[in-house]
Amino acid sequence: MMKRVMLAVCLPACWGAQERPCLSPSGDYILARDMARAIPRFGKVPPEKILSPAPVVGGKRVFRSDEISHLASQAGAPIETGDDVCFAWPLERLNRSDVLAAMRKSLNGPGGDPAATIEITDMTADSVPPGELEFSLGGLGRPASPDQPAPVVWHGEIRYASTRRLAVWARVRVSAPISVIVAAEKLDAAVPIRALQLRAEIKPRFPVLNSKPATIDQITGMTPLRAVPEGSEVRLENLSRPNDVNRGDLITIEALSGSVKLTFSGRAETGGRTGDVISVRNPDTKKIFQARVCAKDKAIVEPYFVKR
């Protein structure tokens with residue numbers, strides 16, 4: 001019975017000794033000077049001597065007393081100690097203000113939009129080590145459409161020690177006052193847009209980083225892929241450049257053969273833009289040949305394009 005009582009008393013005492021607070025590593029490796037913080041007699045060992053890689057986040061590196069004595073002896077400074085020493089990274093929950101500050105730093109820098117507002121709707125709940133928090137623009141997700149208010153994930157990282165990184169994330173809504181082009185009246189599909197049919201408005205939008213908003217000059221002359229209702233935003237991705245040649249147009253043809261150039265007119269059987277190959281009918285012979293569009297209402301034909 002006495003042995004059982006002694007065991008019951010000893011075990012909690014032993015556990016209590018093992019639960020002493022861990023020291024924080026000073027970098028990627030645990031050095032002799034780190035050990036000397038717990039065991040001053042270890043100060044006899046050269047301070048920059050590497051004892052072990054630092055543990056991963058959430059892990060521990062425990063040096064048993066016999067291991068500590070062995071390491072000291074190897075360094076030519078034998079000591080005796082009955083203490084174990086533990087190293088682990090101190091952890092804490094991410095501070096929302098720190099996350100916002102890191103995001104704002106990126107948006108204020110090159111490629112960002114200083115006028116943008118940020119709303120954090122959720123963020124990583126894991127505890128992290130102390131270090132430099134970074135949310136680069138490259139880690140910011142994109143909504144399906146700039147005018148959609150749905151949150152996106154912004155991936156960031158904690159830089160700790162010298163070379164280590166720990167991934168973190170936050171779900172955010174980002175918006176900025178953006179100049180957009182809207183239809184002043186209904187725009188019909190496949191009909192070139194006139195400048196008078198457009199107007200610029202400032203609206204809250206997800207900032208399309210590293211790009212400039214479309215202008216009225218850019219959009220004028222382009223054709224909608226589908227009809228655009230009055231008051232709706234006109235986006236470049238929903239437009240196409242108008243053909244330089246349309247089916248039925250009478251166009252100028254230049255035929256080249258060596259140093260000889262022949263110029264005549266032809267009727268376009270298909271439309272296209274500069275660089276496209278189209279079909280053209282010779283009004284005199286009624287034969288169809290291929291030509292490459294080179295400018296507005298103009299195409300060039302090489303001998304191998306002509307149908308015999």
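Every number in this text was worked out from the coordinates using simple rules, so none of it is lab data. The shown structure was predicted, so the numbers you read here are calculated from the model rather than taken from an experiment. Don't worry about glycine lacking a Cβ; one is built from the backbone with ideal geometry, like all the others, and counts go over all protein chains shown.
Just a few scattered comments:
- Whole-Hz ³J(HN,Hα) from phi, Karplus 6.51 cos²θ - 1.76 cosθ + 1.60, for region 252-262, glycine and proline x: 8, 10, 10, 9, 10, 8, x, 8, 9, 10, 10
- By average C-beta atoms within 10 angstrom, highest first, the peptides 96-108, 247-259: 96-108, 247-259
- Dividing the helix sum by the residues of the chain, where each DSSP H run of 4 or more adds -39500 (n - 2.57), gives a mean residue ellipticity at 222 nm of -5000 deg cm²/dmol.
- Calculated on the Cα set of the chain, radius of gyration then Dmax: 36.2, 122 Å.
- Of the GluC sites (Glu not before Pro) found in region 42-135, those that fall in a DSSP loop while having at most 15 other beta-carbon atoms within 10 Å are GLU48, GLU80.
- Region 125-188 shape via C-alpha gyration tensor axes, a/c threshold 1.5: prolate
- Derived scalar couplings ³J(HN,Hα) [region 32-37; Karplus, 6.51 cos²θ - 1.76 cosθ + 1.60; whole Hz; x for Gly, Pro]: 4, 5, 5, 5, 5, 5
- Largest-first principal axis extents of the Cα set of region 152-293 (Å): 78, 45, 21
- For region 237-308 and region 117-162, distance of Cα centres in Å: 53 Å
- Compactness of region 91-242 is given as radius of gyration and Dmax, 19.6, 62 Å, from Cα positions.
- Taking all pairs of distinct alpha-carbon atoms in region 16-112, Kirkwood radius in angstrom: 15.4 Å
- Helix 65-74 axis, angle to the chain major axis (alpha carbon atoms, nearest 10°): 80 degrees
- The angle between the Cα long axis of helix 2-18 and the main principal axis of the chain comes to about 50°, on a 0 to 90 degree scale.
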